[in-house]
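*Asks:* Here it is, the structure, as structure tokens.
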Amino acid sequence: MITELQLLVAVLLDTVFGDPKRFHPLAGFGHVALKLESFLYGAQSINNSQRKFRGVVAWALVVLPLVAFTAWLTQDSASASLIIGTLLLYVALGSQSLAQHAMAVLTALVNKDIVQARQQIQMMVSRDTVKMQDSDISRATIESVLENGNDAIFAAIFWFLILGAPGVVLYRLANTLDAMWGYRNQRYHAFGWFAARVDDGLNWVPARLTALTYALVGKTGQALYCWKTQAKQWKGFNPGVVMSTGAGALGLELGGTAQYHGQVVTRPVLGQGAQPNALDIKRSVQLVQRSLWLWLIVIFSVGVFYAV
């Protein structure tokens with residue numbers, strides 16, 4: 001039951017305190033990654049194969065030493081493993097932060113402050129927000145909540161359960177590098193190829209467990225139907241699974257057109273039902289929170305079963 005208790009304490013810490021307000025370890029990690037990128041990226045003249053190799057080297061240099069160091073710290077002392085593992089999982093979780101960001105968008109929309117709403121949603125998505133209207137902001141927020149429910153909560157818990165503290169460090173660092181380098185644009189298409197593929201692999205199982213959970217705590221039949229019929233239409237192995245199922249579970253229609261870097265992109269439609277509005281943001285947060293409760297109940301039930 002030690003792992004289950006670590007999970008409970010980490011979730012409670014995240015609920016009470018949220019993300020560390022100062023000196024967040026991931027911010028420091030991102031700074032180091034940017035420095036390494038500037039050193040290893042290379043001249044514009046090198047070919048894609050060389051750029052991919054440099055991306056692999058950069059990923060390995062910035063991730064593997066920290067994973068190995070975590071394993072070394074936690075291998076000999078049970079008390080150190082208990083404390084360090086709990087704190088690392090707490091830092092990796094983003095449930096409270098995700099809810100706070102989403103609710104800040106909701107508050108701005110309810111107050112009819114479109115400028116503030118655009119500023120708040122800009123912290124959650126990579127798409128252009130300057131011309132967004134209420135419906136666009138609501139849709140983008142809900143999509144972010146559903147996708148980050150996997151990335152910021154359930155995948156971190158999954159890898160903690162599988163590999164302990166080194167597993168949650170590996171996942172969180174890999175996911176951070178995917179957010180930094182995993183773009184399919186001119187700069188990162190080759191350099192970030194490995195970071196994107198690693199993140200895809202680490203998220204394959206958690207994304208499907210997250211989608212299943214969304215279905216179980218929402219409109220189950222509709223969610224599973226949307227997963228089956230829509231997930232493969234979305235770009236990437238995992239986001240379509242999570243968002244199509246989440247949209248179906250909420251009874252909403254997500255996807256559609258969005259603007260990225262000045263270009264309008266037509267995305268597949270996900271889910272079924274009404275067009276999202278501001279109040280649906282709260283429903284999406286509640287869906288993720290119910291999913292977290294279900295995970296805790298199942299994990300503790302399995303732990304008690306094996307303990308008995």
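The values are calculated or read from the model by the stated rules, or taken from the named source; none is laboratory data. Quick caveat: nothing in here was measured; it's all calculated off a predicted structure. So basically every Cβ, Gly included, is an ideal-geometry build from the backbone, and we count neighbours across all protein chains shown.
*Asks:* Counting only residues that are out of contact with any strand residue (DSSP E or B) (no Cβ under 8 Å at 6 or more places or on another chain) and not in a loop (DSSP other than H, G, I, E, B), which one in the range 238-277 is surrounded by the most Cβ atoms within 10 Å (Cβ to Cβ)?
*Replies:* So the residue we want is Thr245.
*Asks:* Of the numbered conditions (1) without any contact (Cβ under 8 Å) to a residue 60 or more places away in the chain; (2) farther than 19 Å from Arg184 by Cα, Asn47 satisfies every one except a single condition; which is it?
*Replies:* (2)
*Asks:* Counting only residues that are at pLDDT 95 or above and crowded, with 22+ Cβ neighbours inside 10 Å, give me the helices (runs of 4 or more DSSP H) lying completely in the range 146-231 with at least 2 of them.
*Replies:* Here the list reads 155-181, 193-217, 220-230.
*Asks:* Name, by its number, the condition in (1) surrounded by 14 or more Cβ atoms within 10 Å (Cβ to Cβ); (2) of a type outside the set (Gly, Ala, Ser); (3) outside any helix (DSSP H, G or I) that does not hold for Lys235.
*Replies:* (1)
*Asks:* Right, something else. Does Asp14 satisfy the condition of being within 30 Å of Gly303 (Cβ to Cβ), of a type in the set (D, E, K, R), in contact with a Phe, Trp or Tyr (Cβ under 6 Å, 6 or more places away or on another chain) and surrounded by 16 or more Cβ atoms within 10 Å (Cβ to Cβ)?
*Replies:* Spelling it out, Asp14 is indeed within 30 Å of Gly303 (Cβ to Cβ), of a type in the set (D, E, K, R), in contact with a Phe, Trp or Tyr (Cβ under 6 Å, 6 or more places away or on another chain) and surrounded by 16 or more Cβ atoms within 10 Å (Cβ to Cβ).
*Asks:* Something else: For the range 272-308, what are the residues that are in contact (Cβ under 8 Å) with a residue 12 or more places away in the chain and more than 29 Å from Thr15 (Cα to Cα)?
*Replies:* Selection gives Gln272, Gly273, Ala274, Gln275.
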